[in-house]
Amino acid sequence: MDILIGYYDWIKAVHIMAVIAWMAGLFYLPRLFVYHAERAAVGSEMDKTFQIMEEKLLRVIMTPAMIVAWVAGLMMIGMGGFDWGSVWAWVKIISVVLMSGAHGWMSARRKDFATGQNTRSGRTYRLANEVPTVLMVFIVIAVIVRPF
C-alpha cells in the first residue's frame, strides 16, 4: 500500500464519486419499486419497462459504484486512513455494512419483481427509501463531525 500513498487524494476522490453514484441508485431504486408495485400489473408493458429500468440501475450503476466505493475505501483504510480506536470509525463501518445490506435487499426485491413474485406494497418501499438516507446521515456526521 505504500506505493499508493501518493495517490491517496485521487483514491479518496474516486471513493466519493462512487459513493455519490451508489447513493443516487439507493435513493432512486425504491422509488421505482413504489411505482412498480402500485401501478404495474404483472406481465404488462409497464411491468416490463420497470423491470428493465430496475435491472439496469442495479447492474450498470449501483453495483459497480458499490464495488468501487468499497475497494477505494478499503485502499484508504490500508493506507492508514482509518482510526480503529475511534467510535466514529466503527459507526461508519457498521453503517456502510448496513448500507450494503440494504443494497442486497433491494437486489432481491428486483428479482421478486422480475419473477412476478413481489408481495410488498408501495408503503414498504417508501419506508425502505428512508433507510439509505438515515445511514448516510450517520456516515457523514461520523466522518466529518466526529462527535464521538
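Mind checking which residues of segment 101-148 are closer than 30 Å to residue 83 by Cβ and of a type in the set (Gly, Ala, Ser)? Those that are closer than 30 Å to residue 83 by Cβ and of a type in the set (Gly, Ala, Ser): 101, 102, 104, 142.
Here the condition is being in contact with a Lys or Arg (Cβ under 6 Å, 6 or more places away or on another chain), of a type outside the set (Lys, Arg) and surrounded by 13 or more Cβ atoms within 10 Å (Cβ to Cβ); of 70, 88, it holds for 88 alone.
Answer with yes or no whether residue 96 is β-branched (Val, Ile, Thr) and either in contact (Cβ under 8 Å) with a residue 24 or more places away in the chain or in contact with a Pro (Cβ under 9 Å, 6 or more places away or on another chain) (or both).
So residue 96 fits the description; yes.
Among the residues of this structure, residue 75 counts as one that is under 30 Å from residue 5 (Cβ atoms) and surrounded by 13 or more Cβ atoms within 10 Å (Cβ to Cβ).
With respect to (1) assigned to a helix (DSSP H, G or I); (2) without any contact (Cβ under 8 Å) to a residue 40 or more places away in the chain; (3) out of contact with any Phe, Trp or Tyr (no Cβ under 9 Å at 6 or more places or on another chain), the lone exception for residue 102 is condition (2). Filtering segment 11-43 to residues that are of a type outside the set (A, V, I, L, M, F, W, C) and either in contact (Cβ under 8 Å) with a residue 12 or more places away in the chain or surrounded by 14 or more Cβ atoms within 10 Å (Cβ to Cβ) (or both) leaves 12, 15, 25, 28, 30, 31, 35, 36, 38, 43. Looking only at residues of segment 49-59 that are surrounded by 12 or more Cβ atoms within 10 Å (Cβ to Cβ) and free of Cβ contacts under 8 Å to residues at least 24 places away in the same chain, we find that the one that is farthest from residue 143 (Cα to Cα) is 49.
The listed residues are 20, 11, 5, and the only one of them that is more than 23 Å from the chain's Cα centre (by Cα), on the phi < 0 side of the Ramachandran plot and part of a helix (DSSP H, G or I) turns out to be 5. Only one entry of 76, 62, 99 meets the criterion of being over 11 Å from the mean Cα position of the chain (by Cα), of a type outside the set (S, T, N, Q) and at negative phi, and that entry is 76. Residue 73 meets the stated requirement of being part of a helix (DSSP H, G or I) and at pLDDT 95 or above.
The values are calculated or read from the model by the stated rules, or taken from the named source; none is laboratory data. As the structure is a prediction and not an experimental result, all values here were calculated from the model. Positions of Cβ are generated from backbone atoms using ideal geometry, with glycine treated the same way; all protein chains shown enter the neighbour counts.
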